Amino acid sequence: SMLTRSLILKGSALGPVQRLIRESRMFRPLVRRFIAGDSLDDAMEASHAVLAKGQTVSLDYLGENTKSEAEALSAKSTYTTMLNRIAQDAAFKCSTAPDYKAGEVENLNISIKLTQCGLDQGDDFAEKNYRDVLSVAAAQGNFVRVDMEASEYTERTIKMVEKVHQDFPNTGTVVQSYLYRTPDDVEWAIEKQIRVRIVKGAYLEGPKVAHQEKSKVDEAYVSCAKRLLDSANYPAIATQDEKIILELNRYVGEKNIDRKSFEYQMLYGIRRDLQDSLLKEGYRVRVYVPFGDSWYPYFTRRLAERPANSLFILKSLFRG
Ligand code: FDA
């Protein structure tokens, strides 16, 4: 399955495949299953539907690896527009001094990427943009999550989040169970009480840095998640893996962990049935809602997670 994943990620990066998927109207329904739309309006509409169910949202403006400072500044301006739009929204609930354990948590936050803040243009430049976004969020009582990207950025991301967190406690990041280093990063998050989301990891990583077998990635996920549930500051358990979720629910029951002291997170359009049933059982569920016109890399990562989706694309390619 790791091989299929790698083939899909590599194949979809090819020019002709990319052009076909981006331009053909045939794939629109599949794209729209995972992406709320091109505009912030689309994303807010999708978010309201999620909030109405009693779930919470993290908005993601799609895009990564800016090619110039101008591009990064434009992304930053979109981030602050999102925050301002959220702050004005009647459905937005926040707390300037959140007590997550007591159940106070922002219901509509945002997730950002450091490479979209200009990390490829320089660390200081990206850090300045990240801080600018955070100061807007802090004034509104909102929270900004830094998504984790490919492993070449992991160390820089962790270090930057740690540094900036000293001035802005309203930020946190993500750890990926496929990386060998992650158990240490879990301890780091616990020690600093920095909010983290745990995921399996969506990028193509080699055997020098990451587990290659799915069973190993899953095993590491469960053990890191349990550690976070035991001791971390309001961890986010992000997965659509029902087997893992059942195992963690059992653990939460057994250890008498408060169901409001953490949240499950899932991607927009994936396993809605599971999102709804968890909520019914009294767990918190946050849905990650992506929007924007740079949806292609995000979309291909979702395809790679579920080969059946790509099979659909392959078949239509051959049908012509
Ligand atoms: P896995 O891939 O094993 O899937 C388990 C089951 O879930 C599948 O059998 C299927 O039923 C269902 N499923 C999963 N993906 C599906 C899909 N695309 N279509 C249909 N069904 C699907 N990664 C990263 O590197 N950095 C990050 O910052 C983030 N952020 C993030 C936020 C949130 C809220 C989530 C849920 C995920 C991320 N990820 C991420 C992605 C993550 O690393 C991982 O690639 C996906 O969550 C898929 O892995 P699962 O844990 O769902 O398990």
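Go through (1) within 16 Å of the ligand (Cβ to nearest atom); (2) assigned to a loop (DSSP other than H, G, I, E, B); (3) open to solvent by 50 Å² or more (accessible area, probe 1.4 Å) one by one and return the number of the condition Asn256 breaks.
Asn256 satisfies every listed condition except (1).
Do you know which of the residues in segment 227-239 that are buried (at least 18 other Cβ atoms within 10 Å of the Cβ) and not small (Gly, Ala, Ser) is nearest to the ligand (Cβ to nearest atom)?
Result: Thr239.
Within segment 131-151, is even one residue open to solvent by 10 Å² or more (accessible area, probe 1.4 Å) and of a type in the set (Phe, Trp, Tyr)?
Within segment 131-151, not a single residue is open to solvent by 10 Å² or more (accessible area, probe 1.4 Å) and of a type in the set (Phe, Trp, Tyr).
Only residues in segment 233-253 that are closer than 25 Å to Gln193 by Cβ and in a helix (DSSP H, G or I) count as the first member; pair them with residues that are among the basic types (Lys, Arg) and open to solvent by 10 Å² or more (accessible area, probe 1.4 Å), Cβ under 6 angstrom, at least 6 apart or cross-chain, and list the lot.
Here the result reads Tyr251/Lys226, each pair linking segment 233-253 to a residue that is among the basic types (Lys, Arg) and open to solvent by 10 Å² or more (accessible area, probe 1.4 Å).
What pairs come up if the first residue lies in segment 35-54 and is charged (D, E, K, R), the second is not in a loop (DSSP other than H, G, I, E, B), and their beta carbons are under 8 Å apart, counting only those six or more places apart or on different chains?
Hits for this filter: Asp38/Phe291; Asp42/Phe291; Lys53/Asp276; Lys53/Leu279.
Please go through segment 36-58 and pick out each residue that is open to solvent by less than 10 Å² (accessible area, probe 1.4 Å) and either part of a loop (DSSP other than H, G, I, E, B) or basic (Lys, Arg) (or both).
Listed by number, the residues that qualify are Ala36, Gly37, Gln55.
Condition first: part of a loop (DSSP other than H, G, I, E, B), among the aromatic types (Phe, Trp, Tyr) and away from the ligand (no atom under 14 Å from the Cβ). Now tell me which residues in segment 157-198 satisfy that.
Of everything in segment 157-198, those that are part of a loop (DSSP other than H, G, I, E, B), among the aromatic types (Phe, Trp, Tyr) and away from the ligand (no atom under 14 Å from the Cβ) turn out to be Phe168, Tyr180.
Only one residue in Thr157, Thr173 is in contact with a Leu (Cβ under 6 Å, 6 or more places away or on another chain), within 22 Å of Tyr288 (Cα to Cα) and buried (at least 17 other Cβ atoms within 10 Å of the Cβ). Which one?
After applying the criteria, what remains is Thr157.
Looking at Gly206 and the list (1) free of Cβ contacts under 8 Å to residues at least 12 places away in the same chain; (2) part of a helix (DSSP H, G or I), which single condition is not satisfied?
It fails just one condition, (2).
Okay, residues lined up against (1) crowded, with 23+ Cβ neighbours inside 10 Å; (2) touching a helix residue (DSSP H, G or I) at 6+ places or on another chain (Cβ under 7 Å); (3) of a type in the set (D, E, K, R):
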residue	(1), (2), (3)
Phe34	no, yes, no
Asp60	yes, no, yes
Ala70	no, no, no
Lys76	no, yes, yes
Ala87	no, yes, no
Leu108	yes, yes, no
Gln121	no, yes, no
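Report, ordered by the first and then the second residue, all pairs with beta carbons closer than 9 Å, sequence separation of six or more or different chains, a first member in segment 259-280 that is at pLDDT below 95, and a second member that is more than 10 Å from the ligand (Cβ to nearest atom) and small (Gly, Ala, Ser).
Note: pairs meeting the criteria are Arg259/Gly282; Lys260/Ala102; Lys260/Gly103; Lys260/Gly282; Ser261/Gly103; Gly269/Ala36.
Here are some conditions: (1) under 22 Å from Gly201 (Cα atoms); (2) in contact with a Phe, Trp or Tyr (Cβ under 6 Å, 6 or more places away or on another chain); (3) surrounded by fewer than 17 Cβ atoms within 10 Å (Cβ to Cβ). Ala308 meets all but one. Which one does it not meet?
With respect to (1) under 22 Å from Gly201 (Cα atoms); (2) in contact with a Phe, Trp or Tyr (Cβ under 6 Å, 6 or more places away or on another chain); (3) surrounded by fewer than 17 Cβ atoms within 10 Å (Cβ to Cβ), Ala308 is out only on (2).
The values are calculated or read from the model by the stated rules, or taken from the named source; none is laboratory data. From a predicted model like this one, the values you see are computed outputs, not experimental measurements. FYI the Cβ positions are ideal-geometry reconstructions off the backbone, even for glycines, and counts take in every protein chain you see. We work out accessible area using only protein heavy atoms, side chains counted, and drop any ligands, DNA or RNA first. Shrake-Rupley method; radii C 1.70, N 1.55, O 1.52, S 1.80 Å.
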